[in-house]
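S.K.: Take a look at this one; I'll ask things after.
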Amino acid sequence: MGKVSEKNGVQQLVDSFLKHGVKYVVFSPGSRNAPLVVSFANDERFKCYVIPDERSAAFYALGMAEQSSTPVPVICTSGSALLNYYPAVSEAFYRNIPLIVISADRPSEWTDQGDGQTIRQENVFQNHICASTTLFESPISEDQSWFNKRSIDEVMNTAKYPNGGPVHFNFPFTEPLYKTIEKESPSASSKGLTELMNLNPQLSTSQKEELREIWNNSPRKLILCGQMPNNSYLNEQLKNLANDKSVAVVVENTSNLQDRSFIHCIDRTITSFLENNPELYQPDLLITMGGAVISKKIKKYLRIFKPKHNWKIGQEFPFIDTYQSLTKSIPIQPNSFLDFLLEDGFTRDISRYGEQWKQLDYLTQGNHMMYLESVPYSDLSVFSLILDAVPDQSDLHLSNSSVIRYAQLFDPIKSINYYCNRGTSGIDGSTSTAIGNAIVGDNKLHTFITGDISFFYDSNAFWNNHIPSNFRVFLINNGGGGIFNIIPGPQSTPQGDEFFVAKHSFSAKSICEAFNVNYYAANSMQEIDGQLDKFYEIQSNDRPAVIEIFTDGDKSGKILLDYLEKTKVKDIPVLEI
């Protein structure tokens, strides 16, 4: 027996969520959501977290859903609280993460009538939501109970489906809000659950023949992989395909795909040929899979030097045409499609196109290592040191803007899982998402690398009692938005430093003291190196730790541009293709 809200619509929701595999629930404090609070918090089968800042709370839930591969609800009171969830909702939408938004609401008759904390909540996320519904708080007929049940099942199945994502339940509540009853906890079995079966489409014989013919008549084949979770089976399949000399497998660190036969550092590699023999690397067939690709250079290049054929693999956003050349969208999971590509009947080694890519990657890697031997203290040298310090068998989280771009210049670390909010590529919520991942992950270390603007913007991520002791933050404070010292444009305007770079002289020390976070500071490579052991040391009931590394933003921007110039391969060897 346990106490639950007297509102039987809430009881239906709780019972259904157990059947749909919900384990974690995130709350934003309020009063109108009291029926939901008492029902979930009093049920020991849910693990509940209270995150005061709504924007941060939604990103916490997003990180939990990403790490656990389960739908995670985030629940708020009525009014403007709900609107603060939107940044995380849009991120979840473009990454197909099952973020479940539940908003308490005022009775619909009071909307637009001057009542406090009453806004138009229905369909508020309509442009970035996979499904939404408004539920009855206390169904008074069998039809209303049936409506609640089928709506919950439909919306939850939509969230979990391979091309799913965020969903929204709106729950208008009348007073009283806090009245409870004793109720026996139901079984979490799937009995009575309407389930949407996940069927993987199959290629017909004629479709296979057509695709095989295109492959066999395409001497230059480029497989480009964007953001995705770790997939060891896919990794092995791509290794087998990369043995074909006519295939180049190009990946980013956020794809979590690693092998010596892959081209990992796109920007580091293609800088050499963008102005020197660019047509040499133009593919006949481009195969894309996974989510967002970070490199703007590869996007621009492939939009100019278009492939004859471009296949998009996967069920998510089937008509996305990033490279303006989409010829076939194949809604099959990558593992299954690559099984097909590895069947007999495919011609192999019909060119040396893949070798051409790999040779250039090898040469730029050598230039990269030489440059780092004498690079002055800067963002680049700091990244070289801290990436090397990340422990094996851990998770690495990266904020956006300059941080993720610096990280892409370095080969991936073996046994490390990479995470970053690349759905919308915003800086909002990076810290919260990383901590959400760490909370529901195992006891391994979680390292987060962030810039100063991202850190300050999401500093409320530390304003709660749930941050695990295995969370570590490298904060690179270069006095402003470092990305705007790198990209062309901002510094050509008189307002560059003030309006784009947003230069400042703030430190995170007081923030860490306010939220009881262990704090370290460093102004040199020696100071960073000398504190790493203590920084990563974990003691029982310890707090997370931040090491703030101060660098010169202007100097770092110039060094990065010099690096990209000096690591170019001046005379690209041309293989007989």
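S.K.: Look at T194 and say whether it is in contact with a helix residue (DSSP H, G or I) (Cβ under 8 Å, 6 or more places away or on another chain), among the β-branched types (V, I, T) and under 23 Å from S132 (Cβ atoms). Talk me through it step by step, then tell me what you get.
M.R.: On the way: in contact with a helix residue (DSSP H, G or I) (Cβ under 8 Å, 6 or more places away or on another chain): yes; among the β-branched types (V, I, T): yes; under 23 Å from S132 (Cβ atoms): yes.
It is true that T194 is in contact with a helix residue (DSSP H, G or I) (Cβ under 8 Å, 6 or more places away or on another chain), among the β-branched types (V, I, T) and under 23 Å from S132 (Cβ atoms).
S.K.: Mind listing just one residue for me: the one in the range 40-56 that is free of Cβ contacts under 8 Å to residues at least 60 places away in the same chain and part of a helix (DSSP H, G or I) and, of those, nearest to R95 (Cα to Cα)?
M.R.: E54
S.K.: Of these, L387, L409, L398, L363, which one is under 21 Å from R260 (Cα atoms) and either crowded, with 24+ Cβ neighbours inside 10 Å or in contact with a His (Cβ under 9 Å, 6 or more places away or on another chain) (or both)?
M.R.: Numbers: L387 fails: either crowded, with 24+ Cβ neighbours inside 10 Å or in contact with a His (Cβ under 9 Å, 6 or more places away or on another chain) (or both); L398 fails: under 21 Å from R260 (Cα atoms); L363 fails: either crowded, with 24+ Cβ neighbours inside 10 Å or in contact with a His (Cβ under 9 Å, 6 or more places away or on another chain) (or both).
Criteria check complete, one pass: L409.
S.K.: A further question follows. Return yes when I100 is under 16 Å from F169 (Cβ atoms) and not basic (K, R) and no when it is not. Before you say what the answer is, go through the steps one by one.
M.R.: On the way: under 16 Å from F169 (Cβ atoms): yes; not basic (K, R): yes.
Criteria met by I100.
S.K.: Taking D115 as meeting all but one of (1) within 22 Å of A34 (Cα to Cα); (2) in contact (Cβ under 8 Å) with a residue 24 or more places away in the chain, write down the number of the exception.
M.R.: Going through the list (1) within 22 Å of A34 (Cα to Cα); (2) in contact (Cβ under 8 Å) with a residue 24 or more places away in the chain, D115 breaks only (2).
S.K.: Output the number of residues of the range 62-99 satisfying the condition of being in a strand (DSSP E or B) and over 21 Å from L177 (Cβ atoms). Full working, then the answer.
M.R.: Step one: filter the range 62-99 for residues in a strand (DSSP E or B), giving 72-76, 99.
Filter again for over 21 Å from L177 (Cβ atoms), leaving 72, 99.
Total satisfying the criteria: 2.
S.K.: Within the range 225-246, which residues are buried (at least 16 other Cβ atoms within 10 Å of the Cβ) and either out of contact with any Asp or Glu (no Cβ under 9 Å at 6 or more places or on another chain) or assigned by TED's automatic domain parsing to the domain that holds Q408 (or both)?
M.R.: Listed by number, the residues that qualify are M228, N231, L234, L241.
S.K.: Here is a follow-up. For the range 130-148, what are the residues that are surrounded by 19 or more Cβ atoms within 10 Å (Cβ to Cβ) and assigned to a helix (DSSP H, G or I)?
M.R.: N148
S.K.: Just need a number here: residues in the range 311-326 that are at positive phi and under 21 Å from the mean Cα position of the chain (by Cα).
M.R.: The qualifying residues number 2.
S.K.: Among the residues of the range 80-93 satisfying the criterion of being more than 15 Å from V167 (Cβ to Cβ) and in contact with a Gly (Cβ under 8 Å, 6 or more places away or on another chain), which is surrounded by the fewest Cβ atoms within 10 Å (Cβ to Cβ)?
M.R.: First, the residues of the range 80-93 that are more than 15 Å from V167 (Cβ to Cβ): 80-81, 83-84, 87.
Checking the rest, the ones that are also in contact with a Gly (Cβ under 8 Å, 6 or more places away or on another chain) come to 81, 87.
Working: A81: 23, P87: 20.
So, considering only residues that are more than 15 Å from V167 (Cβ to Cβ) and in contact with a Gly (Cβ under 8 Å, 6 or more places away or on another chain), the one surrounded by the fewest Cβ atoms within 10 Å (Cβ to Cβ) is P87.
S.K.: Only one residue in S432, S401, S415 is at pLDDT below 95, under 24 Å from D458 (Cβ atoms) and not assigned by TED's automatic domain parsing to the domain that holds P87, so which one is that?
M.R.: Numbers: S432 fails: at pLDDT below 95; S415 fails: under 24 Å from D458 (Cβ atoms).
So the residue among S432, S401, S415 that is at pLDDT below 95, under 24 Å from D458 (Cβ atoms) and not assigned by TED's automatic domain parsing to the domain that holds P87 is S401.
S.K.: Identify, from the list R95, R120, R55, the residue that is modelled with pLDDT of 95 or more and over 16 Å from S28 (Cβ atoms). Give the steps one after another, and end with the answer.
M.R.: On the way: R120 fails: modelled with pLDDT of 95 or more; R55 fails: over 16 Å from S28 (Cβ atoms).
When all the criteria are applied, what remains is R95.
S.K.: Assess whether I449 counts as being modelled with pLDDT of 95 or more and touching a Ser or Thr at 6+ places or on another chain (Cβ under 9 Å).
M.R.: On the way: modelled with pLDDT of 95 or more: yes; touching a Ser or Thr at 6+ places or on another chain (Cβ under 9 Å): yes.
For I449, the condition - modelled with pLDDT of 95 or more and touching a Ser or Thr at 6+ places or on another chain (Cβ under 9 Å) - is met.
S.K.: Is it the case that the range 357-371 has a residue that's touching a strand residue (DSSP E or B) at 6+ places or on another chain (Cβ under 6 Å), of a type outside the set (D, E) and modelled with pLDDT of 95 or more?
M.R.: Pass one, the range 357-371, residues touching a strand residue (DSSP E or B) at 6+ places or on another chain (Cβ under 6 Å): 357, 361.
In the following step, the residues that additionally are of a type outside the set (D, E) were identified as 357.
Next cut, modelled with pLDDT of 95 or more only: 357.
Taking every residue of the range 357-371 in turn, at least one turns out to be touching a strand residue (DSSP E or B) at 6+ places or on another chain (Cβ under 6 Å), of a type outside the set (D, E) and modelled with pLDDT of 95 or more.
S.K.: Another question, then. Keeping to the range 280-323, report how many residues are touching a residue at least 40 places away in the same chain (Cβ under 8 Å), of a type in the set (V, I, T), within 25 Å of S90 (Cβ to Cβ) and in contact with a Lys or Arg (Cβ under 9 Å, 6 or more places away or on another chain).
M.R.: 3
S.K.: Further question on the same structure: Test of understanding: among S151, S132, S141, which residue is polar (S, T, N, Q) and under 17 Å from G192 (Cβ atoms)? Walk me through how you get there before you give the answer.
M.R.: Details: S132 fails: under 17 Å from G192 (Cβ atoms); S141 fails: under 17 Å from G192 (Cβ atoms).
Of the residues listed, the single one that is polar (S, T, N, Q) and under 17 Å from G192 (Cβ atoms) is S151.
S.K.: Turning to a different aspect of this structure: Out of (1) modelled with pLDDT of 95 or more; (2) crowded, with 24+ Cβ neighbours inside 10 Å, what's the single condition that is false for S103?
M.R.: (1)
S.K.: Now for a separate question. Would you please name the residue that is modelled with the lowest pLDDT, looking only at residues in the range 152-176 that are crowded, with 19+ Cβ neighbours inside 10 Å and more than 30 Å from S329 (Cβ to Cβ)?
M.R.: By that ranking, first place goes to F173.
S.K.: Residues to consider are K3, K19, K47, K7; find the one that is at pLDDT 95 or above and not hydroxyl-bearing (S, T, Y).
M.R.: Working: K3 fails: at pLDDT 95 or above; K19 fails: at pLDDT 95 or above; K7 fails: at pLDDT 95 or above.
After ruling out the rest, the residue left standing is K47.
S.K.: Now a separate question. Restricting to the range 149-176, give me the number of residues that are assigned to a helix (DSSP H, G or I) and either more than 22 Å from A34 (Cβ to Cβ) or without any contact (Cβ under 8 Å) to a residue 24 or more places away in the chain (or both). Show your work before the answer.
M.R.: Going through the range 149-176, the residues assigned to a helix (DSSP H, G or I) turn out to be 149-160.
Now drop any that are not either more than 22 Å from A34 (Cβ to Cβ) or without any contact (Cβ under 8 Å) to a residue 24 or more places away in the chain (or both), which leaves 149-151, 153-160.
Here the count works out to 11.
The values are calculated or read from the model by the stated rules, or taken from the named source; none is laboratory data. This structure is a prediction, so every number in the text was calculated from the model and none was measured. Neighbour counts are summed over all protein chains in view; Cβ atoms, including those assigned to glycine, are modelled from backbone coordinates with ideal geometry.
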